[in-house]
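Values in this text are rule-based calculations from the coordinates and carry no lab data. Given the structure is predicted, the values throughout are model-derived calculations rather than measurements. Positions of Cβ are generated from backbone atoms using ideal geometry, with glycine treated the same way; all protein chains shown enter the neighbour counts.
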Amino acid sequence: MGARGPRIRSCGNQRSVGEISLDIRETVIRLSGPVSLKATLECGQAFRWKPAAFPGRPALPVAYRGVIGELALAVGQTSPVTSEIYVAWDPSSVSLSGPSYVSQVVRRYFSDEDDIKTIEGVLSRSGGVMAEAVAYGRGLRILTQDPWECLASYVLSLNKNIPAISKTVEYLAGCFGEPAGMGAFGFPSPGAIASQDVSSLRQSRCGFRDKYLYDAAVKVLSGDVDLELVRSMPVEEARQELMKIKGVGPKVADCVLLFGYHRLDVFPVDVWIARAVSRYFMGGKKLGPREAREFGERRFGAFAGYAQEHLFYWIRNAAPR
DNA sequence: AAACAGGTGCTAA
DNA sequence: TTAGCACCTGTT
């Protein structure tokens, strides 16, 4: 057997991983601008991608396995930054599986409408360390993820490191999500989470976040927090709406707005970004998260989200110590 | 072994 | 309004 999908652990609602079908389909998608799968999938905005050989093309130098919504995929490219993405999927295990559907899902997820060349140009010329950061992360794209999955994932991310978050998300998908093909599962719906006991959610090693995840599922399911309404709300109002959920503060709310709703003018601030803003833009002056956020939004305007993610990727992987 | 991890809720000034 | 602390659990 070839590369395998995410491992499924035992859980209350044990399910087997189906054999990976031999009938794998492939297409090549040309985006309107450059993409780096590594920068995009490893910068920490999504938790479901793992490096894995591309089915039938072991020589592709860049390849990942993951899930977009209800569709499991392999993606790859021939060099670190290209405009073309190789995509493979298993048509037998998902209902909508034609190449045009898959292509539409991939284009949307990778935010094909973003003008990456322009964004990178503007940020590179914006001064300070931005030129260096953008050069390092060239081809990084802010994804357009499902808002619910994004919300739940970031609630689970509180005070956790990225590998641990991925593990919890994979576990929840394996236990409570729907089959997505290639032996993988989609992220569970609010209803699927809300119908569990808090104690069975705890088996995902989510720790004290169990009650936050449950609260999010219940409020979204009941419409107490309306994720479709959030889409059309002004940023500050949308932030307050999301923060009605326990475990959602300013940082998580901003991540959901950026990675789930593609609000490119928000600038989520975590400890790393606060550090970066202080060190590289404020001469080392200490500043609170709110000040850092306001600085980022003002300085980078409509591209604040891209600035944030480039800074984050660069400071964590390449910035001088 | 002990500290830390992409924050947030709660309580006390 | 804001500072300080606890919080599950895997990883370093």
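Find the relative contact order for chain A and round it to a whole percent, using C-alpha pairs within less than 8 Å whose residues are 6+ positions apart.
Numbers: 551 pairs, mean separation 61.9, N = 321.
Averaging sequence separation for qualifying contacts and normalising by length gives 19 percent for chain A.
Ordered by packing density, taken as the mean number of other Cβ atoms within 10 Å over each peptide's residues, highest first, how do A:68-74, A:121-127, A:162-168 rank?
A:68-74, A:162-168, A:121-127
Using only alpha carbons, build the gyration tensor for segment A:147-259 and give me the equivalent ellipsoid semi-axes, biggest first, whole Å.
Details: eigenvalues 98, 44, 38 Å².
Working from the Cα gyration tensor, I get semi-axes of 22, 15, 14 Å.
Taking only the alpha carbons of chain A, what extent do you get along each of the three principal axes, in Å, biggest first?
Here the Cα extents, ordered largest to smallest, are 56, 45, 37 Å.
List the lysines whose Cα sits under 16 Å from the Cα of A:LYS38, skipping any in the same chain fewer than 8 residues away.
Straight-distance partners of A:LYS38: A:LYS50.
In debye to the nearest 20, how big a dipole does chain A give about its Cα centre with +1 on each Lys and Arg Cβ and -1 on each Asp and Glu Cβ? Numbers along the way, then the final one.
Numbers: 40 positive and 33 negative charges, 254 e Å.
So the dipole magnitude of chain A works out to roughly 1220 debye.
Using the Kirkwood formula on the Cα atoms of segment A:25-114, what hydrodynamic radius do you get, in angstrom to one decimal? Before the final figure, lay out the partial values.
Working: mean 1/r = 0.0764 Å⁻¹.
Evaluated over segment A:25-114, this radius sits at 13.1 Å.
Once all Cα-Cα distances of segment A:82-214 are split into 5 Å bins that start at 0, what whole-number percent is in each one?
2, 9, 15, 16, 15, 15, 13, 10, 5, 2, 0
Could the peptides A:306-318, A:239-251, A:277-289 be put in order, highest first, of the mean number of other beta-carbon atoms found within 10 Å of their residues? Present the calculation step by step, with values, prior to reporting the outcome.
Working: A:306-318: 22.0, A:239-251: 18.5, A:277-289: 14.0.
Ranking the peptides A:306-318, A:239-251, A:277-289 by packing returns A:306-318, A:239-251, A:277-289.
Quick check on my link table: of A:LYS160/A:LYS244; A:LYS167/A:LYS219; A:LYS246/A:LYS285; A:LYS219/A:LYS251, which ones sit more than 28 Å apart, alpha carbon to alpha carbon? Mind dumping the intermediate values first?
On the way: A:LYS160/A:LYS244 22 Å; A:LYS167/A:LYS219 24 Å; A:LYS246/A:LYS285 32 Å; A:LYS219/A:LYS251 19 Å.
From A:LYS160/A:LYS244; A:LYS167/A:LYS219; A:LYS246/A:LYS285; A:LYS219/A:LYS251, over 28 Å: A:LYS246/A:LYS285.
Setting aside same-chain residues fewer than 8 positions from A:LYS211, which aspartates and glutamates have a Cα under 18 Å from its Cα?
Once the sequence-local aspartates and glutamates are set aside, what remains near A:LYS211 is A:GLU149, A:ASP197, A:ASP224.
Can you tell me which of A:219-231, A:105-117 comes out highest on packing, and rank the rest after it, using the mean Cβ neighbours within 10 Å? Before the final figure, lay out each step's value.
Values: A:219-231: 15.5, A:105-117: 17.7.
In decreasing order of mean packing, A:219-231, A:105-117 become A:105-117, A:219-231.
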